Each structure stands twice: as structure tokens, then as C-alpha cells.
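Taking it in order: structure first as C-alpha cells, then the write-up.
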Amino acid sequence: MNLYFFPEPLLAIETSCDETGAAIVAGRRVLANVVTSQARLHEKWGGVVPEAAARAHVEAVLPAIQEALTIAGLNMHSIRAIAATTRPGLVGALSVGVSVARSLAWALRLPIVGVHHLEGHILSPLAEHDDLPFPHLCLVVSGGHTEVVEVRAPDQYRILAVTIDDAAGEAFDKTARLLGLGYPGGAEVERLARDGDPRRYALPEAVRGEPHQLSFSGLKTAVLRLVEKEGERLSPADAAASVQNVICRSLARKIEYFVETMGIGNVTLVGGVAANRALRRELEKAIAAYGGRLFCPSPALCTDNAAMIGIVGSWRLGNGRVAVDDLDIQARAPLPGTLENISS
Ligand code: KG4
Ligand code: ZN
């Protein structure tokens, strides 16, 4: 599919949760992608504290923009457009990035576009894969989302499955907490799992009879019970490997179902949990049987970042798909361009 993008340097800002991101893109190329993580700040509370996140964004956002400009070898006067995540997310956190974006756009008389965070994840593979086929299936797995989306084209999406409770990343993070690991714990669970036996503990799959749903709450309860029951005898490595195994298997089965029923073999894997190598392997195996291919962005584009917001902004500006309402800050918001809803 021939895609057109806004060709000139665009500054993108992402502050929807606990990463402050600033990036410069031109067309679909990423010239700089700076992320300042607040994970350390929130670690002591075991989760993101919205008020603390907003204040940390205030401190980090201008230095992040400056650093991105320096890396790209540009200054603010060479920027031709601005994009910012406006929804969904923590309202106080979003307000910081959006206020800065609006101020800069106003002062420099630049066009501005508000971007949906999930659309950023969905289109993030465009930055590195010129040959990304459409339609394809997208598995979004992060701390806030677990969704399977049919991507017919940019701005043409159909949500095929969502989690009815926890996101896959939350399942990893809660397991990490129960095993006494840090926050966010997905990467640490993966590290620990390398030396563990994935078949040691039997845990429930996240796939239910309903094809349009995933559910991780049963798994969370089972891990809690396992930790309580085994006490001192628990092998953390085996527990981590067993949890990782069941999460990866569940997601692979779900993808396999849609690849088979929809006849779409190409799949993108995006969001923070996409960094997990066991998940990539499991999906590759499932898809290969149907002659499909797995496309996964590099880690810096998988976890929350502003480059993916810039890609969406560049596509939207380049195609005149910009609405004033998109600048409204919203804690929850439907994915734009959703063709039919889940039950259809
Ligand atoms: O996309 P992201 O940075 O932020 C959200 O939008 O939520 O995703 C963060 C999530 C966290 O739950 C983190 O534990 C998980 O991604 N994660 C991983 C790995 N690296 C990050 N989960 C499993 N394995 C990993 N290697
Ligand atoms: Zn995200």
C-alpha cells in the first residue's frame, strides 16, 4: 500500500502515563526518539501515582524536547508541525504534554494534531517496515492494553478481541510483585524465567470460550494462591517461567484463531510486552504454520515513546485527517477509524 506522510520535521510529545517522550520524525523516518522514564519514581508505590507523574512530566518535557532537537541536529525553527498524545491516559499527565504542544504551535504558528495513544502503538511498525502489508492483524500488549486489531489501513481498524479485566503487562507486573521483583516487572520475569521450568506449575490460560475476549484475572488469582501454598518451597524461576509460558501461549492461541478464521497471516506485535522474546517466538511459531510473518518494532518503539505518536501525526497531517476535537484531553476514548465494533 502506498502511504503518504507529512514530509517535513514534526515534533511529537507523549506524556500519557509514566514516560515523558519527545521525538522528531520526518515522513515516516524517526530522526530522534527521547524517553525519560519515571519507573524509579513510581517503584516505591508499586504503580503509577497520577499526581506524581504529572509533576515529573513538567520537569522532564522541555529537556526531552531539547535533547530530541539536538540529536536530530535541528532547532525549534526548523520544526514544521507538532503532534501530541491527547487520549487516552492520565488526564493530569496528558495535560502537560498537550499544553506544551499547544503553546509551541501557537507561538510558532505551526499545525498541531492530537493523537490517540493506541493508534500510536498500532502504527509504530511503519517506522521500520516499508513493506508492512495491509490488511494485517495487530496484537497490542502493554501495561494498559491487550487487544487484537484488524488493521485494514491507517484509520481503518476493527477491534477483534480485548481483555475484559487485566492487561497482559499487568499480569506480568503483578506476578513480579508477588515474586518480590521490581516495578514494572515484565522484563525481570522474563530474565528469571530463562532458568525456570515452564511446565512446573499448572496455571489457567487467559483464553476463554468467547473468541472476542481475553481474561487475565484468573491467572493473577492462581499465581497468588500458588505463592501462598508453596511458601518457602516456591521456585521463583519455575513460577516466572510457568506464568510467562501461559501468557504467551494464550496470546498465541488467540492470534492463531484470528489468523485462521480471517485468513490474514501477517501480524504486528506492539506495546511494552512485545519486548518479550518468548512471546515473539511463540507467535512466530503460530503464524508460520499459515505462511504469515511477524513484524515487531525495535524495543525503543515498543515501550511508550513519542516517535510512534509522530508517525501517526505525520500520516494524519499528510492525509488531511485532522480534527479539532482530537485535541481534547480524554482519560478514555475510542480508537479513531474503528469500522465496526467488537460484537459485529
Ligand atoms: O507500552 P508500555 O511501555 O506502557 C504502557 O502503555 O503500559 O508497556 C509497559 C508494560 C509493563 O507492564 C512491563 O512490565 C511490560 O510492558 N514489559 C514486559 C517486558 N518489558 C516490558 N513484559 C514482559 N516481558 C518483557 N520483556
Ligand atoms: Zn502504551
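The values are calculated or read from the model by the stated rules, or taken from the named source; none is laboratory data. The model shown is predicted, which means the values in this text are computed figures rather than measured ones. Cβ coordinates were reconstructed from backbone atoms using ideal geometry, including for glycine residues, and neighbour counts include every protein chain displayed.
Cβ-Cβ below 6 Å, separation at least six or inter-chain, first residue in the range 211-225 and closer than 14 Å to S250 by Cα, second of a type in the set (D, E, K, R) and surrounded by fewer than 16 Cβ atoms within 10 Å (Cβ to Cβ): which pairs?
Listed by first residue and then by second, the contacts come to S215/R208.
Contact list please: Cβ distance under 8 Å, first residue in the range 134-148 and within 16 Å of E284 (Cβ to Cβ) and more than 10 Å from ligand 1 (Cβ to nearest atom), second residue of a type in the set (S, T, N, Q) and in a strand (DSSP E or B), pairs at least six apart or on different chains.
Listed pairs, sorted by first residue: H136/T268; L137/T268; C138/T268; L139/T268.
Residues of the range 277-297 being at pLDDT below 95, part of a loop (DSSP other than H, G, I, E, B) and out of contact with any strand residue (DSSP E or B) (no Cβ under 7 Å at 6 or more places or on another chain), which ones?
Passing the criteria: A289, Y290, G291.
Any idea which residue in the range 1-37 is nearest to ligand 1 (Cβ to nearest atom), counting only those that are assigned to a loop (DSSP other than H, G, I, E, B) and of a type in the set (S, T, N, Q)?
Once the filter is applied, the top-ranked residue is S16.
Select, from E147, E119, the only residue that is part of a helix (DSSP H, G or I) and either of a type in the set (S, T, N, Q) or within 14 Å of ligand 2 (Cβ to nearest atom) (or both).
That would be E119, the only listed residue that is part of a helix (DSSP H, G or I) and either of a type in the set (S, T, N, Q) or within 14 Å of ligand 2 (Cβ to nearest atom) (or both).
Go through the range 104-130 residue by residue and tally those that are more than 16 Å from ligand 1 (Cβ to nearest atom) and in contact with a helix residue (DSSP H, G or I) (Cβ under 8 Å, 6 or more places away or on another chain).
9
Is it fair to say A81 is away from ligand 1 (no atom under 16 Å from the Cβ) and either modelled with pLDDT under 95 or surrounded by fewer than 19 Cβ atoms within 10 Å (Cβ to Cβ) (or both)?
In short, no.
Any chance the range 19-29 includes a residue that's out of contact with any strand residue (DSSP E or B) (no Cβ under 9 Å at 6 or more places or on another chain), more than 21 Å from G114 (Cβ to Cβ) and more than 14 Å from ligand 2 (Cβ to nearest atom)?
yes
What residue, among those in the range 5-18 that are more than 18 Å from I122 (Cβ to Cβ) and of a type outside the set (A, V, I, L, M, F, W, C), is modelled with the lowest pLDDT?
In this case the residue turns out to be D18.
Check A161, A101 and return the single one that is assigned to a helix (DSSP H, G or I), in contact (Cβ under 8 Å) with a residue 60 or more places away in the chain and more than 9 Å from ligand 1 (Cβ to nearest atom).
The match here is A101.
Being in contact with a Pro (Cβ under 9 Å, 6 or more places away or on another chain), of a type outside the set (A, V, I, L, M, F, W, C) and more than 16 Å from ligand 2 (Cβ to nearest atom) narrows it down to one residue among E51, E8, E59, E43; which is it?
After ruling out the rest, the residue left standing is E43.
Which is over 25 Å from A252 (Cβ atoms), in a helix (DSSP H, G or I) and of a type in the set (A, V, I, L, M), of V312, V322?
V312 is the lone residue from the list that is over 25 Å from A252 (Cβ atoms), in a helix (DSSP H, G or I) and of a type in the set (A, V, I, L, M).
Looking at the structure I just gave you, is S95 of a type outside the set (K, R) and surrounded by fewer than 20 Cβ atoms within 10 Å (Cβ to Cβ)?
Yes; evaluated as a whole, the condition is true for this residue.
Which one is nearest to ligand 1 (Cβ to nearest atom) among residues in the range 260-276 that are assigned to a helix (DSSP H, G or I) and under 21 Å from the mean Cα position of the chain (by Cα)?
G272
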